[in-house]
Amino acid sequence: MQADDTQAQSLGSRALLQERPAVHPYKIDVDQGVLDDLRERLAETRWAELPDESDWAFGTSRGYLRDLIEYWQSGFNWRRQEARLNELPQFKARVDSTDVHFVHVRSRGAGRMPLLLLHGWPDSFVRYHKVIPLLGDSFDLVVPSLPGFPLTGPLEGAGPDQPTRQSARLLWRLMTDVLGYPRFGVVGGDGGSVLAQILAIDHPEGIAAIHLTDLGWHVYNVDPSPLSTPEQKYLENAKKRFLADMAYAMVQNTRPRSLATALNDSPVGLASWIVDRFHSWSDSGDVDLSFGRDELLTNVMLYWVTQTIGPSMYNYFAEVRSPSLTPADHVDRPVGLALFPRDIGQAIPPRALAERTLNVTRWTEMSKGGHFAAWEVPELFARDVLAFFQDQTSVR
């Protein structure tokens, strides 16, 4: 009888493997016609006449933007950057009706914990390119391009309700049905933080732990009346900062279609909109120092050549109308928080506020770094991820 059970399990495992969606190696290869069209558009830019052209207070500095666009035209080599990205082991797999792009780096050691690394907006899988070599010896790494973002594109067949939760289901299937990882850790920031939390809530049996760089946008909707004075002050200050620097989110929450039409047609407009966020959320306030022009333009190029700025902004609009997470949701799996001083809020939240929605088992207040910490301060970021997951039970 035991032999029969073993044989049945073996047959079932083989059947499951046969049903897994196929994984295909992928290389980025932008059609030359797209690059030629881009060159012509850049050459025909009509510059707006605005005061305070060197000041970032009202958006991207026009002086900086002019220099960046001149470099984009005459110094930036997309084919070189394309080749560098293609050094990463990239794949595509059809999950449901969506072709999901992802980087998959298998550790040389046996039995390593798989980690799913999730980016946010307005970046891409490139957010993690500097930490892949720092983490690759300790974990199997999966770095997807999120639904709606460059190289994956829109979530096909999705309804209007809770789009982030629909993306989380897709990522769960990628890790379990496609790649065969029944249990894994998740690393995320910005939209990736919310996705990580949804995965931990919806699949507690499969998520070992999650590592985050922020609490998730839903926390700011908490009822302030039962909060402590430090928590209330933090939320009050966060609202003030929102009014001062978050106009982009209000536009994307309410008029994404109007904005997407403009940005999808103008490469300079697209660069201006994206680089403004990198400047505002960097630690140094100098995007060239924090990221470098080649890397900034590589990220912008991914949006341009895939025409995904519109789909990438859709979640802002849809989440307001149908939130995937609320302050009533709680993550019971272990949570590590690495908090960087120049993230969006530019202030470290009280731990008590985090613990209202998260089972915080590691709390690290970093000395430097901003919103794109894995990109801007990769050594600090990777060290905290390693320390956190070393304390967790490895996947067997």
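The values are calculated or read from the model by the stated rules, or taken from the named source; none is laboratory data. All values reported here derive from a predicted model rather than from experimental measurement. Positions of Cβ are backbone-derived with ideal geometry, glycine not excepted, and every protein chain shown enters the neighbour counts. Keep in mind that these areas ignore ligands, DNA and RNA; they rest on the heavy atoms of the full protein, side chains included. Shrake-Rupley method; radii C 1.70, N 1.55, O 1.52, S 1.80 Å.
Consider residue 243 carefully, then state whether it is on the phi < 0 side of the Ramachandran plot, hydrophobic (A, V, I, L, M, F, W, C) and modelled with pLDDT of 90 or more. Lay out the reasoning, then the answer.
On the way: on the phi < 0 side of the Ramachandran plot: yes; hydrophobic (A, V, I, L, M, F, W, C): yes; modelled with pLDDT of 90 or more: no.
It is false that residue 243 is on the phi < 0 side of the Ramachandran plot, hydrophobic (A, V, I, L, M, F, W, C) and modelled with pLDDT of 90 or more.
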| field | Residue check, residue 134 under 22 Å from residue 206 (Cα atoms) and modelled with pLDDT of 95 or more | value | no
| said: Just to be sure I understand, how many residues within the range 105-125 are of a type in the set (A, V, I, L, M), over 19 Å from residue 391 (Cβ atoms) and surrounded by 24 or more Cβ atoms within 10 Å (Cβ to Cβ)? | reply: 1
| field | Every residue from the range 212-226 that is touching a Lys or Arg at 6+ places or on another chain (Cβ under 8 Å) and in a loop (DSSP other than H, G, I, E, B) | value | 222
| note | When restricted to 102, 91, the only residue within 18 Å of the chain's Cα centre (by Cα) and open to solvent by 10 Å² or more (accessible area, probe 1.4 Å) is 91
| request: Only residues that are in contact with a Phe, Trp or Tyr (Cβ under 8 Å, 6 or more places away or on another chain) and open to solvent by 50 Å² or more (accessible area, probe 1.4 Å): list them for the range 252-269, please. | output: 254
| Residue list for the range 111-158, restricted to those being under 20 Å from residue 176 (Cβ atoms) and free of Cβ contacts under 8 Å to residues at least 24 places away in the same chain | 158
| said: Only one of 186, 194, 142 is outside any loop (DSSP other than H, G, I, E, B) and touching a His at 6+ places or on another chain (Cβ under 6 Å). Can you tell me which? | reply: 142
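Condition check: touching a Pro at 6+ places or on another chain (Cβ under 8 Å) and over 24 Å from residue 76 (Cα atoms). Does residue 316 satisfy that?
Details: touching a Pro at 6+ places or on another chain (Cβ under 8 Å): yes; over 24 Å from residue 76 (Cα atoms): yes.
Yes: the conditions hold for residue 316.
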| Sole exception among (1) closer than 23 Å to residue 216 by Cβ; (2) within 14 Å of the chain's Cα centre (by Cα) for residue 114, by number | (2)
| note | Flagged in the range 197-211 as buried (at least 24 other Cβ atoms within 10 Å of the Cβ) and assigned to a helix (DSSP H, G or I), in numbering order, are 197, 198, 199, 200
| query | Using beta carbons and a limit of 9 Å, which pairs, at least six apart or on different chains, have the first residue in the range 270-294 and more than 23 Å from residue 251 (Cα to Cα) and the second one at pLDDT 95 or above and among the acidic types (Asp, Glu)? | reply | 283/376; 284/376; 290/376; 291/376; 293/67
| request: Tell me which residues, restricted to the range 168-186, are open to solvent by less than 10 Å² (accessible area, probe 1.4 Å) and under 21 Å from residue 316 (Cα atoms). | output: 168, 170, 171
| request: Under 6 Å between Cβ atoms, at least 6 apart or on separate chains: pull out the pairs that start in the range 254-266 with a residue that is in contact (Cβ under 8 Å) with a residue 12 or more places away in the chain and end on any residue that is among the β-branched types (Val, Ile, Thr). | output: 259/251; 260/309; 263/309; 264/309
| note | Taking the range 212-246 and keeping residues within 24 Å of residue 61 (Cα to Cα) and exposed (fewer than 12 other Cβ atoms within 10 Å of the Cβ) leaves 240, 243, 244
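Kindly state which helices (runs of 4 or more DSSP H) lie completely within the range 270-380 and contain at least 1 residues that are open to solvent by less than 10 Å² (accessible area, probe 1.4 Å), closer than 26 Å to residue 209 by Cβ and modelled with pLDDT of 95 or more. Give the steps one after another, and end with the answer.
Details: elements: 287-290, 293-306, 309-321, 351-354, 373-376.
The helices (runs of 4 or more DSSP H) meeting that bar are 351-354, 373-376.
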| request: Can you give me the number of residues within the range 136-164 that are farther than 24 Å from residue 388 by Cβ and either open to solvent by 30 Å² or more (accessible area, probe 1.4 Å) or among the aliphatic types (A, V, I, L, M) (or both)? | output: 10
